[in-house]
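Read the structure below first, then the notes.
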Amino acid sequence: MRDTEKGEPLDRRRFLRAAGLAGAGLAASAKIANAQQQPDPLITEVQDWNRYLGDGVQARPYGSPSPFEKHIVRRDVEWLTVSRESSVNFTPIHELDGIITPSGLAFERHHGGIAEIDPAKHRLMINGLVDKPLVFTMEDLKRMPGRINRAYFLECAANSGMEWRGAQLNGCQFTHGMIHNVWYTGIPLKTLLDEAGVKTNGKWVMPEGADSSGMTRSIPIEKAMKDCLVAFGMNGEALRPEQGYPVRLVVPGWEGNMWVKWLRRLEIGDQPWHAREETSKYTDLLADGRSRRFTWIMDAKSIVTNPSPQAPLKRKGANVLTGIAWSGRGAIQRVDISLDGGRNWTTARLDGPSMPLSMARFYFDFDWNGRELMIQSRAMDDTGYVQPTKQELRQVRGVNSIYHNNGIQTWLVRGDGEVENVEIS
Ligand code: MTE
Ligand code: CO
């Protein structure tokens, strides 16, 4: 069996045909719990945790998950990691539920390692085309009026990038795990810019990171004023160092690279800067050799996280299919599921809030009769945008790119319940 924990590439690329697939079961009706026949020692014997006192309060002043959950971690892929300082790891989305990513499992993408910053020594400067250049301390930011809380997804533009030419990584953690969705606490960027007073010719904002990569991007002033946040909180506590402590930029719905971490400067200009990360990187090379410019928005996308290669089906009968969907244009309105490679579709059940530019959770309860399945999910947002197939994407964009792959994923579930990353021709 392939070692899916390491995200090893598939030994061959499989392109399967949708034809000849048997239909899967429909509504879940099977009994799940067993009628008790034999005496079960787990019921009849007193267990240690029932017999002895447990740890008291303060044994764990900052809590962590049960030791039985220790395999649920961010993972990287060896062959994608040249150096750990300029690399990426992936959120274990197949082990999560609901819509909020726990802080300790949010994927990391650093271009120059994690900056460990003393918040007392951190400064945020606003300069350029403003009436009054300003410098904020972290204390200043926390005294600003108008603090807000919002849940947003952050997806790296390179998420699913290794899959442009064909099925490659065997696990949704590796194919789709460059995403997280957390609650941010912060100040609208507009509040800070208004305080500095943007001049009428100030049309662009350049956020700059304080890390060794000095990350810079160009953001149009309309977006900066609309919904960007200067965030210092994440899931109710301070940002984690990995996510840009003490302060990061939040650019809702737009590619993760623009969400500058360890934010130290915001320059206002009249033109885009054409920084490295928006010219030689984070641009999509088309088939004719031209590149797409400023591909900021992350289009609607979804992924079935269970079952998936890291989460095979273990039993026939009742099973829960689940996954996540998101769109950089609005809220997820609907997710459809196919069990036969895209021939027939059924609408999944969305559960929990479906907020704009935030993740949505879907479920599809089904009976598995042991037959092969080709599972797909297809997201639709409230602008009417429908997630395309990979073939449709390739027809328009070619196969040179590694960014903005939001094509429909196919998982092949075999008769033994094991799941494989495949493509349908
Ligand atoms: N900001 C700084 N200062 N340095 C970086 O290396 N990486 C960017 C962006 N902001 C980066 C940065 C990229 S490419 C992505 S996808 C996101 O941060 C990743 O955010 P995360 O580490 O919280 O997942
Ligand atoms: Co990125």
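The values are calculated or read from the model by the stated rules, or taken from the named source; none is laboratory data. Fair warning: this is a prediction, and the values are worked out from it, not measured in the lab. In this analysis, Cβ positions are derived from the backbone assuming ideal geometry, glycine residues included, and neighbour counts consider all displayed protein chains. All accessible areas refer to the heavy atoms of the entire protein, side chains included, with ligands and DNA or RNA removed. Shrake-Rupley method; radii C 1.70, N 1.55, O 1.52, S 1.80 Å.
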Worksheet item: Can we say GLY98 is surrounded by 10 or more Cβ atoms within 10 Å (Cβ to Cβ) and either out of contact with any helix residue (DSSP H, G or I) (no Cβ under 9 Å at 6 or more places or on another chain) or in a helix (DSSP H, G or I) (or both)?
Response: yes
Worksheet item: Just to be sure, is ASN406 farther than 15 Å from SER302 by Cα and of a type in the set (S, T, N, Q)?
Response: no
Discussion item. Between a residue in region 148-164 that is among the aromatic types (Phe, Trp, Tyr) and at pLDDT below 95 and any residue that is open to solvent by 10 Å² or more (accessible area, probe 1.4 Å) and within 15 Å of ligand 1 (Cβ to nearest atom), which pairs come within a Cβ distance under 7 Å, given they are 6 or more apart or on different chains?
Written reply: TRP164/ILE402
Discussion item. Checking THR279 against (1) over 22 Å from TRP326 (Cβ atoms); (2) in contact (Cβ under 8 Å) with a residue 40 or more places away in the chain; (3) away from ligand 2 (no atom under 15 Å from the Cβ), only one condition comes out false. Which one?
Written reply: (2)
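In region 339-351, which residues are out of contact with any Leu (no Cβ under 9 Å at 6 or more places or on another chain) and surrounded by 14 or more Cβ atoms within 10 Å (Cβ to Cβ)? Break it down stepwise before answering.
Residues of region 339-351 out of contact with any Leu (no Cβ under 9 Å at 6 or more places or on another chain): 342, 344-345, 347, 349-351.
Residues satisfying the conditions are GLY342, TRP345, LEU350, ASP351.
Which members of region 256-272 meet the condition of being more than 6 Å from ligand 1 (Cβ to nearest atom) and under 22 Å from PHE232 (Cβ atoms)? Write out each step before concluding.
Let us first name the residues in region 256-272 that are more than 6 Å from ligand 1 (Cβ to nearest atom), namely 258, 263-272.
Scanning region 256-272 gives MET258, LEU263, ARG264, ARG265, LEU266, GLU267, ILE268.
Quick one: is GLY113 within 15 Å of ligand 1 (Cβ to nearest atom), over 17 Å from ALA231 (Cβ atoms), among the small types (Gly, Ala, Ser) and open to solvent by less than 20 Å² (accessible area, probe 1.4 Å)? Reasoning before the result, please.
On the way: within 15 Å of ligand 1 (Cβ to nearest atom): yes; over 17 Å from ALA231 (Cβ atoms): yes; among the small types (Gly, Ala, Ser): yes; open to solvent by less than 20 Å² (accessible area, probe 1.4 Å): yes.
Yes.
Provide a single number: the residues in region 294-338 that are assigned to a loop (DSSP other than H, G, I, E, B) and either at pLDDT 95 or above or open to solvent by less than 30 Å² (accessible area, probe 1.4 Å) (or both).
Initial filter on region 294-338 (assigned to a loop (DSSP other than H, G, I, E, B)): 294-296, 298-300, 307, 309-310, 312-316, 327-331.
Restricting the remaining residues to those that are either at pLDDT 95 or above or open to solvent by less than 30 Å² (accessible area, probe 1.4 Å) (or both) gives 295-296, 298-300, 307, 309-310, 312-316, 327-331.
Number of matching residues: 18.
Return yes when GLN37 is free of Cβ contacts under 8 Å to residues at least 40 places away in the same chain, open to solvent by less than 60 Å² (accessible area, probe 1.4 Å), out of contact with any Pro (no Cβ under 7 Å at 6 or more places or on another chain) and farther than 22 Å from GLU237 by Cα and no when it is not.
On the way: free of Cβ contacts under 8 Å to residues at least 40 places away in the same chain: yes; open to solvent by less than 60 Å² (accessible area, probe 1.4 Å): no; out of contact with any Pro (no Cβ under 7 Å at 6 or more places or on another chain): yes; farther than 22 Å from GLU237 by Cα: yes.
Considered against the rule, which asks whether it is free of Cβ contacts under 8 Å to residues at least 40 places away in the same chain, open to solvent by less than 60 Å² (accessible area, probe 1.4 Å), out of contact with any Pro (no Cβ under 7 Å at 6 or more places or on another chain) and farther than 22 Å from GLU237 by Cα, GLN37 comes out as no.
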Fill in: Subset of region 239-276 [among the charged types (D, E, K, R) and surrounded by fewer than 21 Cβ atoms within 10 Å (Cβ to Cβ)]
ARG240, GLU242, ARG264, ARG265, GLU267, ASP270, ARG276
Worksheet item: Can you name every residue in region 194-218 that is buried (at least 22 other Cβ atoms within 10 Å of the Cβ) and either touching a helix residue (DSSP H, G or I) at 6+ places or on another chain (Cβ under 9 Å) or without any contact (Cβ under 8 Å) to a residue 24 or more places away in the chain (or both)?
Response: VAL205, PRO207, MET215, ARG217
Item to complete: All but one of (1) within 15 Å of ligand 1 (Cβ to nearest atom); (2) open to solvent by 50 Å² or more (accessible area, probe 1.4 Å); (3) under 23 Å from the mean Cα position of the chain (by Cα) hold for GLY236, so report the exception by its number.
Response: (1)
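Within the group PHE153, PHE136, which residue is assigned to a strand (DSSP E or B), open to solvent by less than 40 Å² (accessible area, probe 1.4 Å) and away from ligand 2 (no atom under 15 Å from the Cβ)? Give the steps one after another, and end with the answer.
On the way: PHE153 fails: away from ligand 2 (no atom under 15 Å from the Cβ).
Being assigned to a strand (DSSP E or B), open to solvent by less than 40 Å² (accessible area, probe 1.4 Å) and away from ligand 2 (no atom under 15 Å from the Cβ) holds for just one of PHE153, PHE136, which is PHE136.
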